[in-house]
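What follows is a short report on a single structure.
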Amino acid sequence: MKKEFVVKSIDSAPDGAPYVVVSLSSIKDLKESTQNPQSPFGTPKVMGFSNMNDMMKDLNKMMSGMGGGMGMQGVTQLKLEMHEYKEMNLSVGDKVFLEMTKAESLGV
């Protein structure tokens with residue numbers, strides 16, 4: 001299987017290790033987002049509540065509806081070692097392809 005992506009962001013390792021996190025977004029998702037721009041917080045919702053318990057339940061639902069990553073739904077992330085990143089010479093906006101194949105087992 002081969003899929004086409006665009007480099008959305010390149011971030012350093014959160015723990016200071018010698019690797020980078022490359023975030024990819026599919027071409028299809030990018031085309032849809034330009035046609036239907038969405039807030040990174042999802043669709044606006046008005047929530048009514050009558051007591052503190054209801055408010056906390058609704059708040060949890062709203063926070064989980066954000067996708068956890070604050071607008072990072074549909075993003076594929078790869079962890080690349082520094083030499084791999086430098087070798088590929090990636091930058092934001094580059095078009096990349098990911099190819100996945102299943103290793104064949106020999107009846108083990």
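Some points to look at:
- Of all residues in region 75-93, those that are open to solvent by less than 50 Å² (accessible area, probe 1.4 Å) and among the charged types (D, E, K, R) total 0.
- Subset of region 94-108 that is open to solvent by 70 Å² or more (accessible area, probe 1.4 Å) and of a type in the set (Val, Ile, Thr) - its residue that is farthest from residue 28 (Cα to Cα): 108
- Residue pairs whose Cβ atoms lie under 6 Å apart, sitting 6 or more positions apart in sequence or on different chains, and linking a residue in region 79-93 that is on the phi < 0 side of the Ramachandran plot to a partner that is assigned to a strand (DSSP E or B) and open to solvent by 50 Å² or more (accessible area, probe 1.4 Å), do not occur here.
- For region 1-13, the set of residues classified as assigned to a loop (DSSP other than H, G, I, E, B) and closer than 14 Å to residue 82 by Cα consists of 13 only.
- Failed item, numbered, when residue 97 is tested on (1) out of contact with any Gly (no Cβ under 9 Å at 6 or more places or on another chain); (2) of a type in the set (Phe, Trp, Tyr); (3) modelled with pLDDT under 85: (3)
The values are calculated or read from the model by the stated rules, or taken from the named source; none is laboratory data. Everything numeric here is computed off the predicted structure, so don't read it as measured data. Glycine gets a Cβ as well: all are built from the backbone with ideal geometry, and neighbour counts include every protein chain shown. Only protein heavy atoms, including side chains, enter the accessible area calculation; ligands, DNA and RNA are left aside. Shrake-Rupley method; radii C 1.70, N 1.55, O 1.52, S 1.80 Å.
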